[in-house]
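What follows is a single structure, written as structure tokens, with notes after it.
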Amino acid sequence: MPDPIYQKVKEEQLQIHSTRRLLYKKLAKLIGRPVISYFTSFRYPVMIEDGDAEMLEGVMQVCDFSKGLALIINSPGGIGLAAERIINVLRSYSGTGEYIALVPAKAKSAATMICLGASKIVMGKTSELGTVDPQVAIKERDKLSRFSVYNIVKSYENLFERAVKETGHLEPYLQQLANYDEREIAEYKTALSLSDDIAVRALKTCMLKDLPEADIKKKIGIFLVPETKAKVHGRPINAEDATNCGLTIDLKAVNDPLWLTLYELYIRLDNYVSIDNNSKVIECYDKSFSSRYEAKN
């Protein structure tokens, strides 16, 4: 996750481009309910965060979602608690109390959590979900790098275990352990537990509501533990994988009219959050909010 001291975000209400407006209208007709989009950039170091839930609610207040809604989501992820709040906003403003998640490309980490809160997930053969273990941004030599919290905890535990078993020279282990802060490791473990809990509860209240939480956790193991299938945080979990976990997946063919319309809108929105420092966009047919990223000097 990016360190907030390195960014300044400006929110602004914008006019929706006429072509996107037409695509929203066409997509709503094809899917049978109005559509709202939520995109965070893969180019700029921004993430899903608490303020996004408020921006999303602001957009939803002026739209009519009495017949339910579909959410187009594309994001590398962010904060788990923010994802939980976004799930609550989407369900609260939907007249049916639920929503459909549309994944034209990549919904990773906390974005996957938001998808798990849906009644079903519409995917294509190239769509990607991901593991929900959180990431942390660490600054090294003036460069911000992303690390999987799961891998940090795992490496610490493995190193500590090897040090305990060592009967000879402890110095190499002690030097490496000095790079870890035990308080941070405790926080990371809490964050991992929280991510698991949010994912399981999201499914328990919708897609997998008939299963006990313990069974849900077993079924979605590939989403919770990277080494189960993904091996690394960013490795894709595709529609077939998600279906095998018991999730309700609507797999669209590449020539399906709904998919073609969705993908055209995705291309336009993804391009929007990749140029001119535009980093986030939340919009429906009637209203659009955008955030601009500016790196601090």
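The values are calculated or read from the model by the stated rules, or taken from the named source; none is laboratory data. What you are looking at is a predicted structure, and each value in this text was computed from that prediction instead of being measured. Note that we place each Cβ from the backbone using ideal geometry, even for glycine, and neighbour counts take in every protein chain shown.
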- Within segment 123-132, identify whether any single residue is over 17 Å from residue 206 (Cβ atoms), of a type in the set (Val, Ile, Thr) and modelled with pLDDT of 95 or more, and answer yes or no. yes
- Being modelled with pLDDT of 95 or more and touching a Leu at 6+ places or on another chain (Cβ under 6 Å) is the filter here, so list the residues in segment 189-204 that pass it. 199, 202, 203
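Yes/no matrix, rows are residues, columns are (1) among the acidic types (Asp, Glu); (2) more than 22 Å from residue 47 (Cβ to Cβ); (3) touching a strand residue (DSSP E or B) at 6+ places or on another chain (Cβ under 9 Å):
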| site | (1), (2), (3) |
| --- | --- |
| 92 | no, yes, no |
| 95 | no, yes, yes |
| 102 | no, no, yes |
| 121 | no, no, yes |
| 131 | no, no, yes |
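From the list 101, 163, which one is outside any helix (DSSP H, G or I), of a type in the set (Gly, Ala, Ser) and surrounded by 14 or more Cβ atoms within 10 Å (Cβ to Cβ)?
Working: 163 fails: outside any helix (DSSP H, G or I).
Being outside any helix (DSSP H, G or I), of a type in the set (Gly, Ala, Ser) and surrounded by 14 or more Cβ atoms within 10 Å (Cβ to Cβ) holds for just one of 101, 163, which is 101.
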- Note on the structure: For residue 83, the lone unmet condition from (1) of a type in the set (Gly, Ala, Ser); (2) over 12 Å from the mean Cα position of the chain (by Cα); (3) over 22 Å from residue 277 (Cβ atoms) is (2)
- Message: Name the single residue that is surrounded by the fewest Cβ atoms within 10 Å (Cβ to Cβ) among those in segment 49-63 being within 15 Å of residue 73 (Cα to Cα) and of a type in the set (Asp, Glu).
- Response: 49
- Query: Within the set of pairs 6 or more residues apart or between chains, which connect a residue that is farther than 21 Å from residue 266 by Cβ and of a type outside the set (Phe, Trp, Tyr) inside segment 41-53 to a residue that is at pLDDT 85 or above and part of a loop (DSSP other than H, G, I, E, B) with Cβ atoms less than 8 Å apart?
  - Reply: 49/79; 50/79
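Among the strands (runs of 3 or more DSSP E) lying completely within segment 1-74, list those that include at least 3 residues that are of a type in the set (A, V, I, L, M) and modelled with pLDDT of 90 or more.
Hits in segment 1-74: 69-74.
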- Query: Which condition does residue 97 not pass, out of (1) over 19 Å from the mean Cα position of the chain (by Cα); (2) on the phi < 0 side of the Ramachandran plot, if it passes all the others?
  - Reply: (2)
- Item | strands (runs of 3 or more DSSP E) fully within segment 213-297 counting 1 or more residues that are of a type in the set (D, E, K, R), modelled with pLDDT under 85 and more than 20 Å from residue 74 (Cα to Cα) | 288-295
